[in-house]
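The values are calculated or read from the model by the stated rules, or taken from the named source; none is laboratory data. For clarity, every value in this text was computed on a predicted model and none was experimentally measured. Note: ideal-geometry Cβ built from the backbone for every residue, glycine included; neighbour counts use all protein chains shown.
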């Protein structure tokens, strides 16, 4: 199963097994990674699953979709590598993915 | 009551509100006992997908789970499934569950949720007539959701329309009966309701508006629905989506103040300071709406209640409340709602309905109070931020589509 590393804003790392076909958000929530609230459960309605994709992984995670882009427009501390983790599907290719979490999801 | 005395928290109701409360208590550093009591067999799961992706078969039950079932033991949360709390002894701070066992508490959280209204009709108990609230309800329906089956949905609220959308996508013949003259009558404006009526009609859903069901027909299983005007519609399946009633039985039993839900203060505290109530079963003052006491049925409200109670019980930083938000998925339409539209006196549109991407902004006087955004996430989030911070936008600015929503929000005061 692909492994994903989530790094909290304080530097604490969480390495999580992420089933293929689920999302990067789901894997975090199922392992209670702090900082990913994902209140809406992945419906792209709440923008509380914001992550920064480690730059070397950007080509594999793909680009923001247009709905996601609009949501991120209103999130805090958005960078070029910002994504909503509910919109990144886990694939075998993403084994080893590293994402960082913003200071605040609100 | 100082938070230092709280060693045992009992949460009645293991839906999203109850489950989130347990999790957030632990995240907030609460070290004492947590007991989470739920009637359903499963650990807490998300209900919104039940009438959407879960019904369609796109998600299995594991993906609805808030947390893996194993996590409750790891976090020392005693999860009692298939367990009904039947009695609260406030004087001695005890909860009795079915079977007679009594559990003591220092703080009690009622997250009992709501129950779907049953059709008040003869024949409502026939095989093939379904309510929609639990995963088990949907599991029973799912196997019957086959192409060409004749489905009648009674009630054109969000649940009813979501079910109709999934049914059409799976090839069922769908008729929606609604007693009001338009769908979504309680939850949105006539304009937005008209948009959804047109969309569903285009997708092949038939509507009987202003229709009053009189009787569910059938001998061993449902055969159709008779209306008060004498007409009859054949059906293989009937799904009722006619709203819910808050589950307040146990609150009434122990004498808490109840008025369309268990009434609480802003901290979700009931008329008993040791008992909190959150989620669909509770009504509390809305900070963004002049303290009006409202009972909301939503994920937002479930999560907010959990955050508020966890912050109070752990002595953490007071939670800053979010403006209410909701969503509904129908076909490829994503409706996102921020705020509460009740009492609006003006609606202003940004974008046009024909593009299937528009937002309706609701004003009360000069104040922006709500938005319904269809495939318009920026308008949704922008309006939500404005409502949360008590700012407003001049309505005439909205029609200028050349100015992005983000810019309009930045200029608002």
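Go through (1) over 25 Å from the mean Cα position of the chain (by Cα); (2) on the phi > 0 side of the Ramachandran plot; (3) at pLDDT 95 or above and name the single condition residue B:128 misses.
It fails just one condition, (1).
Going by the structure shown, is residue B:93 surrounded by 18 or more Cβ atoms within 10 Å (Cβ to Cβ), assigned by TED's automatic domain parsing to the domain that holds residue B:257 and closer than 30 Å to residue B:5 by Cα? Even if it seems obvious, please write down each step before you answer.
On the way: surrounded by 18 or more Cβ atoms within 10 Å (Cβ to Cβ): yes; assigned by TED's automatic domain parsing to the domain that holds residue B:257: yes; closer than 30 Å to residue B:5 by Cα: yes.
Here the answer is yes, as residue B:93 does meet what is asked.
What residue, among those in the range B:390-400 that are surrounded by 13 or more Cβ atoms within 10 Å (Cβ to Cβ) and within 28 Å of the chain's Cα centre (by Cα), is nearest to the other protein chains (Cβ to nearest Cβ)?
Within the range B:390-400, the subset surrounded by 13 or more Cβ atoms within 10 Å (Cβ to Cβ) is B:391-395, B:397-398.
This time we only want the ones that are within 28 Å of the chain's Cα centre (by Cα), so: B:391-392.
On the way: B:391: 13, B:392: 17 Å.
This residue is B:391.
All but one of (1) within 17 Å of residue B:48 (Cα to Cα); (2) more than 11 Å from chain A (Cβ to nearest Cβ); (3) not in a helix (DSSP H, G or I) hold for residue B:280, so report the exception by its number.
So the condition that residue B:280 fails would be (3).
When only residues in the range A:4-36 that are surrounded by fewer than 16 Cβ atoms within 10 Å (Cβ to Cβ), more than 14 Å from every other protein chain (Cβ to nearest Cβ) and touching a strand residue (DSSP E or B) at 6+ places or on another chain (Cβ under 9 Å) count, which is farthest from residue A:98 (Cα to Cα)?
A:9
Among the residues of the range B:198-221, how many are under 19 Å from residue B:147 (Cβ atoms) and in a strand (DSSP E or B)?
Number of matching residues: 1.
Within the range B:15-32, take every residue that is within 14 Å of another protein chain (Cβ to nearest Cβ) and part of a loop (DSSP other than H, G, I, E, B) and give me the one that is nearest to residue B:81 (Cα to Cα). Break it down stepwise before answering.
Going residue by residue through the range B:15-32, those that are within 14 Å of another protein chain (Cβ to nearest Cβ) are B:15-17, B:19-29.
Add one more test, that the residue is part of a loop (DSSP other than H, G, I, E, B), and what stays is B:15, B:28-29.
Values: B:15: 11, B:28: 24, B:29: 24 Å.
Per the stated criteria, the residue is B:15.
Across the range B:293-320, which residue is surrounded by the fewest Cβ atoms within 10 Å (Cβ to Cβ) among those that are touching a residue at least 24 places away in the same chain (Cβ under 8 Å) and part of a loop (DSSP other than H, G, I, E, B)?
Here the residue is B:315.
So which residues in the range A:37-56 are within 12 Å of the chain's Cα centre (by Cα) and more than 9 Å from every other protein chain (Cβ to nearest Cβ)?
Matches in the range A:37-56: A:38, A:48, A:49, A:50, A:51, A:52, A:53, A:54.
Just to verify a result, which residue in the range B:56-75, among those that are assigned to a loop (DSSP other than H, G, I, E, B) and within 13 Å of chain A (Cβ to nearest Cβ), is modelled with the highest pLDDT?
Start the filter on the range B:56-75 by keeping residues that are assigned to a loop (DSSP other than H, G, I, E, B), which leaves B:57-60, B:66-69, B:75.
After this cut, where a residue has to be within 13 Å of chain A (Cβ to nearest Cβ) as well, the list is B:58-60, B:66-69, B:75.
Details: B:58: 90, B:59: 89, B:60: 89, B:66: 91, B:67: 90, B:68: 89, B:69: 90, B:75: 94.
Looking at the filtered set, the residue picked out is B:75.
Somewhere in the range B:45-55, is a residue away from chain A (no Cβ under 14 Å) and crowded, with 20+ Cβ neighbours inside 10 Å? Let's see the steps before the verdict.
Kept after step one, since they are away from chain A (no Cβ under 14 Å), are these residues of the range B:45-55: B:55.
With crowded, with 20+ Cβ neighbours inside 10 Å added as a condition, the list becomes B:55.
For the range B:45-55, residues away from chain A (no Cβ under 14 Å) and crowded, with 20+ Cβ neighbours inside 10 Å: present.
Among the residues of the range B:143-178, which ones are over 21 Å from the mean Cα position of the chain (by Cα) and farther than 18 Å from residue B:204 by Cβ?
B:143, B:144
Which of the residues that make up the range A:65-93 are closer than 18 Å to residue A:17 by Cα and either crowded, with 17+ Cβ neighbours inside 10 Å or within 12 Å of the chain's Cα centre (by Cα) (or both)? Don't jump to the end; show me each part of the working.
Of the residues in the range A:65-93, the ones closer than 18 Å to residue A:17 by Cα are A:85-93.
Listed by number, the residues that qualify are A:85, A:86, A:87, A:88, A:89, A:90.
Take residue B:306 and tell me if it is within 30 Å of residue B:105 (Cα to Cα) and under 20 Å from the mean Cα position of the chain (by Cα).
On the way: within 30 Å of residue B:105 (Cα to Cα): yes; under 20 Å from the mean Cα position of the chain (by Cα): yes.
Answer is yes for this residue.
Go through (1) free of Cβ contacts under 8 Å to residues at least 12 places away in the same chain; (2) more than 16 Å from residue B:191 (Cβ to Cβ); (3) in a helix (DSSP H, G or I) and name the single condition residue B:378 misses.
Of (1) free of Cβ contacts under 8 Å to residues at least 12 places away in the same chain; (2) more than 16 Å from residue B:191 (Cβ to Cβ); (3) in a helix (DSSP H, G or I), only one is false for residue B:378: (1).
Considering each residue of the range B:93-133, count those that are assigned to a loop (DSSP other than H, G, I, E, B) and without any contact (Cβ under 8 Å) to a residue 40 or more places away in the chain, and give that number. Before you say what the answer is, go through the steps one by one.
Taking the range B:93-133 and keeping what is assigned to a loop (DSSP other than H, G, I, E, B), we get B:93, B:98-101, B:105-106, B:111-113, B:117-121, B:123-126, B:128, B:132-133.
Okay, now just the ones that are also without any contact (Cβ under 8 Å) to a residue 40 or more places away in the chain, so B:98-101, B:120, B:125.
Looking only at that region, the number is 6.
Only one of these conditions is not met by residue A:43: (1) in a loop (DSSP other than H, G, I, E, B); (2) surrounded by fewer than 18 Cβ atoms within 10 Å (Cβ to Cβ). Which number is it?
(2)
State whether the residues of the range B:152-169 include one that is over 28 Å from residue A:41 (Cβ atoms) and either in contact with a strand residue (DSSP E or B) (Cβ under 8 Å, 6 or more places away or on another chain) or loosely packed, with under 15 Cβ neighbours inside 10 Å (or both). Show your work before the answer.
Residues of the range B:152-169 that are over 28 Å from residue A:41 (Cβ atoms), as a first pass: B:152.
Subsequent filtering for residues that are either in contact with a strand residue (DSSP E or B) (Cβ under 8 Å, 6 or more places away or on another chain) or loosely packed, with under 15 Cβ neighbours inside 10 Å (or both) retains B:152.
Yes, some residue in the range B:152-169 is over 28 Å from residue A:41 (Cβ atoms) and either in contact with a strand residue (DSSP E or B) (Cβ under 8 Å, 6 or more places away or on another chain) or loosely packed, with under 15 Cβ neighbours inside 10 Å (or both).
Read through the list (1) more than 23 Å from residue B:22 (Cα to Cα); (2) more than 11 Å from every other protein chain (Cβ to nearest Cβ), then give the number of the only condition that residue A:72 fails.
(2)
Away from chain B (no Cβ under 11 Å), modelled with pLDDT of 90 or more, under 14 Å from the mean Cα position of the chain (by Cα) and at positive phi: which single residue out of A:62, A:96 fits that description?
Details: A:62 fails: modelled with pLDDT of 90 or more.
Sole residue among the options that is away from chain B (no Cβ under 11 Å), modelled with pLDDT of 90 or more, under 14 Å from the mean Cα position of the chain (by Cα) and at positive phi: A:96.
Let's see how each residue does on (1) assigned to a loop (DSSP other than H, G, I, E, B); (2) buried (at least 18 other Cβ atoms within 10 Å of the Cβ); (3) within 14 Å of chain A (Cβ to nearest Cβ):
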site	(1), (2), (3)
B:322	yes, yes, yes
B:336	no, yes, yes
B:342	yes, no, no
B:349	no, no, no
B:361	no, yes, no
B:386	no, yes, yes
B:402	yes, no, no
B:406	no, no, yes
B:409	no, yes, yes
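Being part of a loop (DSSP other than H, G, I, E, B), closer than 28 Å to residue B:271 by Cβ and in contact with a strand residue (DSSP E or B) (Cβ under 6 Å, 6 or more places away or on another chain) narrows it down to one residue among B:35, B:83; which is it?
Details: B:35 fails: part of a loop (DSSP other than H, G, I, E, B).
Just a single option satisfies the conditions, and that option is B:83.
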